[in-house]
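Have a look at the structure below, then the notes.
Laboratory data are not the source of any read-out in this text; all were calculated from the coordinates shown. As the structure is a prediction and not an experimental result, all values here were calculated from the model. Every residue, glycine among them, receives a Cβ derived from its backbone with ideal geometry; neighbour counts consider all protein chains shown.
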Amino acid sequence: MRREIPLLITGIVGVVFIVSYFIPHWPFSQMNNWFSDWFSIIQACAIFLGALNLLMVSSQKIARKAEGWGYAAVIIATFIMMVGIGFSGGVGFREAAGFDWLYRFMYIPLSATMFAILGFFVASASYRAFRARNVEASLLLVAAFLVMLGRVPVGDMVTSFMPDGSQMSDLASWIMNFPQKAGQRAIMIGIALGLVSTSLRIILGIERSHLGGGD
Amino acid sequence: MKTRTIEMIVLALLVISSVWAYVGKINGWHHGFVFSSSVSLVIMILLALSLVWILIRTLQDKLVGRRIVFLYIGVALSLPLFMSIDQPIKVSDEVRGVYQGLVDLQPGSKVLISFDYDPASAPELQPMAEAILGECIERDLDMIVLGLWPMGPQQATMALDSVMSRMGLTEQDVVYGEDFVNLGYQAGGEFVIQRMGSSFESMFKSDFRGTPYQDLPIIKNVKNFSNIDYSVNLSAGFPGTVEWVQVGVDRFGIKLGAGNTAVQAPTVYPYMGTLEKPGQLVGLMGGMSGAAEIEKLTNLKGKATLFMLSQSFAHVIVIAFIIIGNVAYFRGGRKSKLKGE
Amino acid sequence: MEHLTFWGHFGVWVAAFLTLGIYSFLYRDNPWYKFTEAVFIGISAGYWVVVLFFDNFYGKFWVGRGEEPMLWIGAILGLMMLMRLVPKIGWIARWPLAFIVGATSGLWMMNYLTSNAMSQVQSTIMPLFGEGFGASFGEIIGNLIIIVGTFTGLIYFFFSKEHKGAFGATARVGIWGLMITFGAMFGYTVMSRMSLLIGRVDFIFRDWLGLIQ
């Protein structure tokens, strides 16, 4: 029962979404709407689950006084601070002074810097590891150079002697719109076909790994 | 112990100089600095010479340390911010397509803008958002904003505040609920778009302030996508442009222009059309350069235009680093640590 | 002179402290970085909880209460998902999980088949010389590259047959096209990463220290 019902749910829901594509009328349209609403709610709960899980794991770490438990305490403290100030702001919490302050002066710098730091590693890796070892790597490198130069004004400044329409930015646009697009399209079609077959396997119950082990 | 002391001294110096600069800023002791063109030229020459030094070191089979590369990048990106060198920005057809979508609209048309990103991608997407919102205000278009990413609606509010202050507008000029509405965030990604295809109100019962859907004049007559004249999606990943194309465009026939982070932009190029065949997207703004182009078209020059010089420097430096690594590699470093593995 | 409230000044310093804390990782892993990382995790999770509560649950179950009773089935499935935290009845979370997987499979299957496979094939079938032979030389070459590049790229992804002979040669052309694509993607990735970095540098020197005019 613990495996059969989930398999049945997966199959029915999947089939409804497929059929409603071809027959967008009652009852399939109605079921499509319900299922979309439920999906939104379940996904929200799944994210909630993630947050609760984080709290549990952090609490256990503190209780066990495991290595780095102090940072786990920071996680819990900042979580409580954000939730507390957020809820005190009520439904229009985004415009409440406290929440807005936390967002502007804590969330934004942390989130932006965490991703911005990758720029340093990209530059370092370019210097240490990016080598034109063979034809393929050389093609990759030349395309990268042309696109990098063509997408910033300095590229056109370097090729300003060329007629308009043949400058670096035009070349970069041409690469993006033709050879790049062709490669992306091949990848896109390939992924799509793979995804269709995997989806079918899941809906038909052949692929069951998402249900995990046990009975 | 010695390293620790040096670290502490450097840290203390940093704190002292930061406090000095900050106190100077708030007391008006300085109003920031800008390099003259001759100083800028000298700096550029110095940066080029330092690259030559890195090349020589690398040719001697002495790879420059990771931390020095980091420091170099940090300095090389910061200095152009102090320079005032105008750079010509050429507008690509892809960005012009997004803009044309707005130009084609009559005043009072409804534009749906989906903010599917968070602050991590804001340097690229926020300037696009401000330019698009600014153009909507300029053309008297109704702006309906939502987010498939939880931080999206807050970024929308910030973008609107910023562009209104830049245009010298007040809340009386852009009336909330009549000219602009922020529907907030809904979990579910492509399922949210799917549901909006039959009813916006079923997915968004209220706006981000909790005002019921029917109490908002701008949207009370908007049932689904058939009441939307143009859509713009600003996306940093999943859910984003791919989902808007798959569901919004291909199922419900919306007219969509997109703004993407540069990481994502190449992957959505297949959705662009050609001269003969319209594609699934009418236009695409990719990364900071796309943002600078839309700023130029909308005449709302902002951060993207300002950052293009630094961006140029960054690209040239990365290219220089790759060339240095390869020159050394081909000069006999294949057997050495320059193999790059 | 800048006129900020106490919280404005304090906020800018907090932002700078957190920004530099993350950058300190470039020097080496250290407690300052770990602290900022923990703060990031905590406030991110907190942000999600607040947003989900007000935007999703409050809107659906309070503002729109009574309008759509079927939403409560979604709520029950959502609660079943939360049961994963209770070891004894954790298995019940498989039901909503099965729903998520089924719905995603069904919707994605049709979306990807139509938008990412069929539409792309359709877009690749195009007039090589443009409408009324109006295409420029660059466009004609480009159109040819799109057709050949897409076809050979797909051949490369066909792994059921050994890449030898004419098939292998076609696949080789395909990989060249893919390499140009990856090169362009690398170029764009550099652009993206550098943009984010410039954004933070601008914060430090303009918004915080006010050194940029």
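Which value in deg cm²/dmol, rounded to the nearest 500, describes the helix-derived mean residue ellipticity at 222 nm for chain A, given -39,500 (n - 2.57) per DSSP H run of n ≥ 4 and division by the residue count? Don't skip to the answer; put the middle values down first.
Values: 10 runs with 159 residues, N = 215.
Using -39500 (n - 2.57) per qualifying helix, the result is -24500 deg cm²/dmol.
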In what sequence do A:99, B:35 fall when counting other Cβ within 10 Å, fewest first? B:35, A:99
Shielding of B:61-72 by partners, i.e. mean partner chain Cβ atoms within 10 Å per residue? 4
I want to verify a result. In a Gaussian network model of chain B, Cα cutoff 10 Å, which of these has the top mean-square fluctuation: B:223, B:303, B:25? B:25
Within the stretch C:86-104, find all residues whose amide N lies under 14 Å from a label point positioned 7 Å from the Cα of residue A:198 along Cα-to-beta-carbon. C:101-102, C:104
Hydrodynamic calc, the stretch B:76-159: Kirkwood Rh from Cα pairs, then Stokes-Einstein at 25 °C with viscosity 0.890 mPa s, so D in µm² s⁻¹ is 168
Could you give me the ³J(HN,Hα) list for the stretch B:221-226, computed from phi with Karplus coefficients 6.51, -1.76, 1.60 and θ = phi - 60°, whole Hz, x at Gly and Pro? 9, 8, 8, 8, 5, 5
Nonlocal amide H pairs with residue B:259, under 5 Å, H built at 1.01 Å: B:233, B:234, B:235, B:285
Compute the distance in nm between two label points, each set 7 Å from the Cα along the Cα-to-Cβ direction, one at residue B:96 and one at residue C:4. 4.3
Show me, for the stretch A:201-208, the HN-Hα J-couplings you get by feeding each phi into the Karplus relation (A = 6.51, B = -1.76, C = 1.60, θ = phi - 60°), rounded to Hz, glycine and proline as x. 4, 5, 5, 7, x, 6, 9, 10
Mean projected area (nm²) from the convex hull of Cα positions in the stretch C:1-144 is 20.9
5 angstrom amide H check on residue A:152, placed H, neighbours 5+ away: none
Ranked from fewest to most other Cβ atoms within 10 Å of their own Cβ, C:26, B:79, C:107 fall in the order C:26, B:79, C:107
May I ask you to list the aspartates and glutamates whose Cα is less than 16 Å away from that of residue B:205, ignoring any residue fewer than eight positions away on the same chain? A:37, B:215, C:55, C:67, C:68
How high is the FRET efficiency from residue C:85 to residue A:23, r the C-beta distance, R0 45 Å, rounded to 0.05? 0.70
Within straight-line cross-link reach of residue B:25, lysines at Cα separation under 28 Å, skipping those fewer than 8 residues along the same chain: B:301, B:303
Kindly provide the Kirkwood hydrodynamic radius of the protein assembly as shown in Å, to one decimal, from all pairs of distinct alpha carbon atoms. 27.8
With springs connecting C-alpha atoms under 10 Å apart, model chain B as a Gaussian network and identify which of B:105, B:256, B:63 has the largest mean-square fluctuation. B:63
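Would you mind calculating the gained length between residue B:42 and residue B:199 on full extension (0.36 nm times residue separation, minus the Cα-Cα distance), in nm to one decimal?
50.4 nm
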Rounded to the nearest 5, what is the percent of antiparallel bridges among the DSSP beta bridges in chain B? 5
per DSSP, antiparallel bridges as share of beta bridges in the protein assembly as shown, % nearest 5, sits at 5
If you plug each phi of the stretch B:318-329 into the Karplus form 6.51 cos²θ - 1.76 cosθ + 1.60 with θ = phi - 60°, what whole-Hz ³J(HN,Hα) values come out, in order, with x for Gly and Pro? 4, 4, 4, 4, 5, 5, 4, x, 6, 4, 5, 5
Report the full-extension gain for the segment residue C:147 to residue C:72: residue separation times 0.36 nm, less the Cα-Cα distance, to one decimal in nm. 22.0 nm
How many partner chain Cβ atoms sit within 10 Å of a residue's Cβ in peptide B:31-44, on average, as a whole number? 1
For a quick size check, give me the Cα extents of chain A along its three principal axes, largest first, whole Å. 69, 51, 39
Give me, ordered by chain and number, the residues 5 or more places off residue B:205 or on other chains with an amide H under 5 Å from its own placed amide H. none
Neighbour counts of other C-beta atoms within 10 Å: give me A:94, C:84 arranged from fewest to most. C:84, A:94
State the dimensionless ratio Rg/Rh of the stretch A:120-177 (Rg: radius of gyration of Cα atoms; Rh: Kirkwood radius). 1.05
Residue-averaged 222 nm ellipticity for chain B, from DSSP H runs of 4+ at -39500 (n - 2.57), nearest 500: -15000 deg cm²/dmol
Given N residues in the stretch A:12-114, what is its alpha carbon radius of gyration divided by 2.2 N^0.38 Å? 1.59
In nm, the gap between the two label points placed 7 Å beyond Cα toward Cβ at residue A:88 and residue B:53 is 5.2
Taking every pair of alpha-carbon atoms in the stretch B:93-301, what share in percent sits in each 10 Å bin, from 0 to the bin with the longest distance? 9, 40, 40, 11, 0
For the pair residue C:167 and residue B:169, what calculated FRET efficiency results from E = 1/(1 + (r/R0)^6), where r is the Cβ-Cβ distance and R0 = 51 Å, to the nearest 0.05? 0.25
Per the helix-only model, chain C has a calculated mean residue ellipticity at 222 nm (DSSP H runs of ≥4, -39500 (n - 2.57) each, divided over all residues, rounded to the nearest 500) of -21500 deg cm²/dmol
Under a Gaussian network model of chain B whose springs join Cα atoms within less than 10 Å, the largest fluctuation of B:116, B:229, B:86 belongs to B:86
Inter-chain shielding of B:288-294 (mean C-beta neighbours from other protein chains, 10 Å cut-off): 4
